[in-house]
Amino acid sequence: SPAVTETRSPDLAMDKPGDAATVLERAVTLAPDSPLALVQYRRALVRLGRKQEAADVLARLKVTGPGKSSRGRVGLTGYLNLPPADQRAQYLANLRESSAAAPANVPLKMRLARELLTDGNISEALELLDKMAPDVPDAASLAGCGRLLLEFDQYAAARPFLESAVAKGQSGVAPVDLGIVIYHLEGAAAALKELDKTPATDDKGDFYLLR
């Protein structure tokens, strides 16, 4: 099919799995039942070490048959022929549909939230992440949600995610990110008090820069 043909990415052959994953992620959104798109996307994820996401794609492959098609969706060829504004609208529509069909897929919902924030649709993004919060399974994902919100200056919304991540033992940049959030919400003194709780193993790099 045209959608399958368009998913042949040179980036994998050029040893650029990161670039390939970005392209193939969109391909899978536009043609979610395309075995070739799924196979190549999984391959890129494996090479990036994103094991859980690769496992999720493999599970999709097992239930995707050659006779299935993505009815009602625009294939990649049709998508590329659309004006840029319509491409964006179609991509978001497909992303919303995929997110609704996979309520437990945290990375997918985070991707949708990022796109919504990028478009300035703050209220929808915050509502999406707020509803998702109880289902976020691990500290790293909680930290990722908080960092995403921090990136778009949504400090109040980022705080509970980062606090939960730190409480669950997420090390690295999560305590620093929480310090940044508290600085913007409560000021320098409160931020420094929070940073003083940072374990010695994490107090380097951005920690010292922030202090």
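The values are calculated or read from the model by the stated rules, or taken from the named source; none is laboratory data. Note that the structure is predicted; figures quoted are calculated from it, not measured. The accessibility values were calculated without ligands, DNA or RNA, using every heavy atom of the protein model including side chains. Shrake-Rupley method; radii C 1.70, N 1.55, O 1.52, S 1.80 Å.
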(message) Out of the total accessible area of the stretch 84-205 (probe 1.4 Å, heavy atoms of protein only), what percent is carbon and sulfur?
(response) 55
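Can you tell me how much longer the chain between residue 88 and residue 47 gets when fully stretched, taken as 0.36 nm per residue apart minus their C-alpha distance, in nm with one decimal?
Numbers: separation 41, 0.36 × 41 = 14.76 nm, distance 2.82 nm.
Contour length minus the Cα-Cα distance gives 11.9 nm.
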(request) Find how much the distance from residue 156 to residue 127 grows on full extension, using 0.36 nm per residue of separation minus their present alpha carbon separation; answer in nm with one decimal. (result) 9.1 nm
(request) Mind checking the full-extension length gain between residue 196 and residue 62? Use 0.36 nm per residue of separation minus the Cα-Cα distance, one decimal, nm. (result) 43.4 nm
(request) Provide the per residue accessible area, probe 1.4 Å, for the stretch 80-167, rounded to a whole number of square angstrom. (result) 48
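Mean 1/r over all different Cα pairs, inverted: what Kirkwood radius does the stretch 87-148 give, in Å?
Values: mean 1/r = 0.0854 Å⁻¹.
So the Kirkwood estimate lands at 11.7 Å.
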